[in-house]
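The values are calculated or read from the model by the stated rules, or taken from the named source; none is laboratory data. Values in this document were obtained by computation on a predicted structure and should not be read as measured data. So basically every Cβ, Gly included, is an ideal-geometry build from the backbone, and we count neighbours across all protein chains shown. Note: accessible area is taken over every heavy atom of the protein model, side chains too, but ligands, DNA and RNA are not part of it. Shrake-Rupley method; radii C 1.70, N 1.55, O 1.52, S 1.80 Å.
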Amino acid sequence: MRSFTFLAAASLAASAAAVPLDVSNDIAERQTKPYQIRGVQDPIYHLYLQSLPGDGTPVMGPEATSEYFTIGNTIQSTNTSLYLNIGEASTSYLPLTFDATATTTAWGLEGDTIITTNGSPYGRQLNFLVCNGATAGYYDLFLQKGSDTPAGKTCSNYQTIHLPCLC
Ligand SMILES: *[C@@H]1O[C@H](CO)[C@@H](O)[C@H](O)[C@H]1NC(C)=O
(Lines give C-alpha, C1' and ligand atoms only; values in the text may rest on other atoms or scores of the structure.)
Protein backbone atom coordinates (compact mmCIF):
# COMPACT_ATOMS: atom_id res chain seq x y z
CA MET A 1 0.00 0.00 0.00
CA ARG A 2 2.80 2.35 0.81
CA SER A 3 4.45 1.78 -2.57
CA PHE A 4 1.10 2.25 -4.36
CA THR A 5 0.69 5.63 -2.67
CA PHE A 6 4.17 6.60 -3.69
CA LEU A 7 3.57 5.60 -7.32
CA ALA A 8 0.27 7.47 -7.45
CA ALA A 9 1.93 10.59 -6.08
CA ALA A 10 4.81 10.23 -8.50
CA SER A 11 2.51 9.87 -11.47
CA LEU A 12 0.43 12.85 -10.34
CA ALA A 13 3.58 14.90 -10.12
CA ALA A 14 4.63 13.69 -13.57
CA SER A 15 1.31 14.61 -15.15
CA ALA A 16 1.32 18.01 -13.47
CA ALA A 17 4.77 18.64 -14.90
CA ALA A 18 3.79 17.32 -18.33
CA VAL A 19 1.93 20.43 -19.45
CA PRO A 20 4.80 22.94 -19.42
CA LEU A 21 7.26 20.26 -20.59
CA ASP A 22 5.15 19.49 -23.68
CA VAL A 23 4.93 23.17 -24.57
CA SER A 24 8.69 23.66 -24.47
CA ASN A 25 9.25 20.40 -26.35
CA ASP A 26 6.89 21.63 -29.04
CA ILE A 27 8.81 24.88 -29.44
CA ALA A 28 12.15 23.06 -29.47
CA GLU A 29 10.81 20.64 -32.06
CA ARG A 30 9.77 23.49 -34.36
CA GLN A 31 13.24 24.95 -34.15
CA THR A 32 15.16 21.74 -34.71
CA LYS A 33 12.91 19.61 -36.87
CA PRO A 34 13.94 19.72 -40.55
CA TYR A 35 11.44 21.27 -42.92
CA GLN A 36 10.93 21.51 -46.66
CA ILE A 37 11.00 25.05 -48.06
CA ARG A 38 8.44 25.76 -50.76
CA GLY A 39 7.19 28.42 -53.12
CA VAL A 40 3.59 29.57 -52.88
CA GLN A 41 3.03 31.50 -56.13
CA ASP A 42 3.22 30.67 -59.80
CA PRO A 43 5.68 29.70 -61.38
CA ILE A 44 7.15 28.08 -58.23
CA TYR A 45 3.85 27.18 -56.58
CA HIS A 46 4.64 24.05 -54.55
CA LEU A 47 8.14 23.71 -55.90
CA TYR A 48 10.73 23.01 -53.22
CA LEU A 49 14.25 24.17 -52.41
CA GLN A 50 16.96 21.70 -53.39
CA SER A 51 20.28 21.51 -55.18
CA LEU A 52 20.16 21.20 -58.97
CA PRO A 53 21.15 17.63 -59.88
CA GLY A 54 24.68 17.46 -61.24
CA ASP A 55 25.29 21.14 -60.57
CA GLY A 56 24.55 21.80 -56.92
CA THR A 57 23.18 25.35 -57.15
CA PRO A 58 20.08 26.10 -55.07
CA VAL A 59 16.93 25.82 -57.16
CA MET A 60 13.21 25.42 -56.70
CA GLY A 61 12.21 22.03 -58.11
CA PRO A 62 9.91 19.04 -57.79
CA GLU A 63 8.60 17.86 -54.43
CA ALA A 64 9.85 14.34 -55.16
CA THR A 65 13.47 15.51 -54.92
CA SER A 66 12.91 18.12 -52.18
CA GLU A 67 15.56 18.47 -49.50
CA TYR A 68 14.86 19.12 -45.82
CA PHE A 69 16.44 21.98 -43.91
CA THR A 70 17.29 22.92 -40.36
CA ILE A 71 16.47 26.61 -40.11
CA GLY A 72 17.95 29.05 -37.63
CA ASN A 73 20.24 31.95 -38.44
CA THR A 74 21.72 29.45 -40.90
CA ILE A 75 19.84 27.14 -43.26
CA GLN A 76 21.40 23.67 -43.51
CA SER A 77 20.24 20.80 -45.68
CA THR A 78 19.84 17.62 -43.67
CA ASN A 79 20.21 15.73 -46.95
CA THR A 80 23.59 17.12 -48.00
CA SER A 81 24.76 18.94 -44.80
CA LEU A 82 25.43 22.00 -47.00
CA TYR A 83 24.48 25.53 -45.94
CA LEU A 84 22.49 28.04 -47.95
CA ASN A 85 24.64 31.16 -48.40
CA ILE A 86 24.06 34.54 -50.03
CA GLY A 87 26.69 35.75 -52.51
CA GLU A 88 27.63 39.23 -53.70
CA ALA A 89 26.59 41.09 -56.84
CA SER A 90 26.20 44.67 -58.09
CA THR A 91 22.57 43.92 -58.99
CA SER A 92 19.69 44.02 -56.52
CA TYR A 93 19.35 40.26 -56.83
CA LEU A 94 22.04 38.22 -55.11
CA PRO A 95 23.09 34.68 -56.02
CA LEU A 96 22.63 31.82 -53.57
CA THR A 97 24.97 28.87 -53.15
CA PHE A 98 25.15 25.69 -51.12
CA ASP A 99 28.50 25.39 -49.32
CA ALA A 100 30.14 23.25 -46.67
CA THR A 101 30.60 26.33 -44.44
CA ALA A 102 27.89 28.75 -43.35
CA THR A 103 29.00 32.22 -44.43
CA THR A 104 25.47 33.59 -44.13
CA THR A 105 23.99 33.87 -40.64
CA ALA A 106 21.31 36.34 -41.73
CA TRP A 107 18.43 33.91 -42.09
CA GLY A 108 15.35 33.90 -39.96
CA LEU A 109 11.69 33.04 -39.90
CA GLU A 110 8.73 35.37 -39.76
CA GLY A 111 5.83 33.02 -39.17
CA ASP A 112 6.40 30.43 -41.87
CA THR A 113 8.23 32.85 -44.18
CA ILE A 114 11.99 32.69 -44.75
CA ILE A 115 13.55 36.15 -44.31
CA THR A 116 16.89 37.82 -43.79
CA THR A 117 16.73 39.48 -40.42
CA ASN A 118 16.53 43.19 -39.72
CA GLY A 119 19.92 43.30 -38.00
CA SER A 120 21.67 41.44 -40.85
CA PRO A 121 23.78 43.10 -43.59
CA TYR A 122 20.78 42.67 -45.93
CA GLY A 123 18.19 44.13 -43.59
CA ARG A 124 14.79 42.47 -43.48
CA GLN A 125 14.24 40.93 -46.91
CA LEU A 126 11.72 38.33 -47.87
CA ASN A 127 11.56 38.69 -51.64
CA PHE A 128 13.23 36.29 -53.99
CA LEU A 129 13.69 36.34 -57.75
CA VAL A 130 13.22 33.10 -59.67
CA CYS A 131 14.33 32.55 -63.26
CA ASN A 132 13.78 29.64 -65.61
CA GLY A 133 16.79 27.41 -65.24
CA ALA A 134 18.71 25.58 -67.92
CA THR A 135 16.98 22.39 -66.77
CA ALA A 136 13.23 22.33 -67.41
CA GLY A 137 11.15 22.23 -64.25
CA TYR A 138 13.81 23.90 -62.10
CA TYR A 139 14.03 27.60 -61.27
CA ASP A 140 17.17 29.48 -60.27
CA LEU A 141 16.68 31.36 -57.01
CA PHE A 142 18.12 34.72 -55.90
CA LEU A 143 17.61 36.93 -52.87
CA GLN A 144 15.91 40.04 -54.27
CA LYS A 145 16.67 43.35 -52.50
CA GLY A 146 15.17 45.58 -55.17
CA SER A 147 13.62 45.16 -58.61
CA ASP A 148 16.48 44.34 -61.02
CA THR A 149 16.01 41.33 -63.27
CA PRO A 150 18.58 39.77 -65.60
CA ALA A 151 18.20 40.59 -69.29
CA GLY A 152 17.34 37.74 -71.62
CA LYS A 153 15.87 35.47 -68.98
CA THR A 154 12.32 34.64 -68.02
CA CYS A 155 12.03 35.60 -64.38
CA SER A 156 9.42 36.28 -61.75
CA ASN A 157 10.03 38.89 -59.08
CA TYR A 158 8.73 39.21 -55.52
CA GLN A 159 8.47 35.53 -54.72
CA THR A 160 8.50 34.39 -51.10
CA ILE A 161 9.57 31.02 -49.75
CA HIS A 162 7.95 29.24 -46.82
CA LEU A 163 7.88 26.34 -44.47
CA PRO A 164 4.87 24.07 -44.81
CA CYS A 165 2.00 25.22 -42.62
CA LEU A 166 3.00 24.99 -38.92
CA CYS A 167 -0.59 24.71 -37.80
C1 LIG B 1 15.96 14.31 -47.97
O2 LIG B 1 15.78 13.78 -46.68
C3 LIG B 1 14.41 13.46 -46.37
C4 LIG B 1 14.31 13.09 -44.92
O5 LIG B 1 15.23 12.15 -44.57
C6 LIG B 1 13.94 12.37 -47.32
O7 LIG B 1 12.59 12.06 -47.05
C8 LIG B 1 14.08 12.87 -48.75
O9 LIG B 1 13.72 11.86 -49.67
C10 LIG B 1 15.51 13.32 -49.02
N11 LIG B 1 15.56 13.95 -50.33
C12 LIG B 1 16.47 13.60 -51.24
C13 LIG B 1 16.39 14.31 -52.54
O14 LIG B 1 17.32 12.76 -51.02
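Listing for the model above:
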read-out	value
Index of the failed condition, SER147 passing every other in (1) without any contact (Cβ under 8 Å) to a residue 24 or more places away in the chain; (2) surrounded by fewer than 17 Cβ atoms within 10 Å (Cβ to Cβ)	(1)
Among (1) in contact with a Gly (Cβ under 9 Å, 6 or more places away or on another chain); (2) away from the ligand (no atom under 16 Å from the Cβ) - the single one VAL59 does not satisfy	(2)
Selection status of THR70, among the hydroxyl-bearing types (Ser, Thr, Tyr), in contact with a strand residue (DSSP E or B) (Cβ under 9 Å, 6 or more places away or on another chain), open to solvent by less than 70 Å² (accessible area, probe 1.4 Å) and not in a strand (DSSP E or B)	no
Selection from the range 57-67 of residues that are within 21 Å of THR105 (Cβ to Cβ) and assigned to a loop (DSSP other than H, G, I, E, B)	THR57, GLU67
Qualifying residue in the range 96-111 (condition: modelled with pLDDT under 95 and in a loop (DSSP other than H, G, I, E, B))	yes
Failed criterion for ASN79 (all others in (1) more than 16 Å from the ligand (Cβ to nearest atom); (2) farther than 14 Å from HIS162 by Cα; (3) open to solvent by 50 Å² or more (accessible area, probe 1.4 Å) hold)	(1)
Filtered residues of the range 46-56 (kept if assigned to a loop (DSSP other than H, G, I, E, B), farther than 20 Å from GLY87 by Cα and modelled with pLDDT of 95 or more)	LEU47
Flag for ALA89 being over 15 Å from the mean Cα position of the chain (by Cα), at pLDDT below 95 and among the aliphatic types (A, V, I, L, M)	no
Which listed residue is away from the ligand (no atom under 16 Å from the Cβ), open to solvent by 20 Å² or more (accessible area, probe 1.4 Å) and either over 26 Å from LYS33 (Cα atoms) or touching a Gly at 6+ places or on another chain (Cβ under 7 Å) (or both), from ASN127, ASN132, ASN118	ASN132
Residue in the range 121-133 that is farther than 20 Å from GLN159 by Cα and either in a loop (DSSP other than H, G, I, E, B) or at pLDDT 95 or above (or both) present	yes
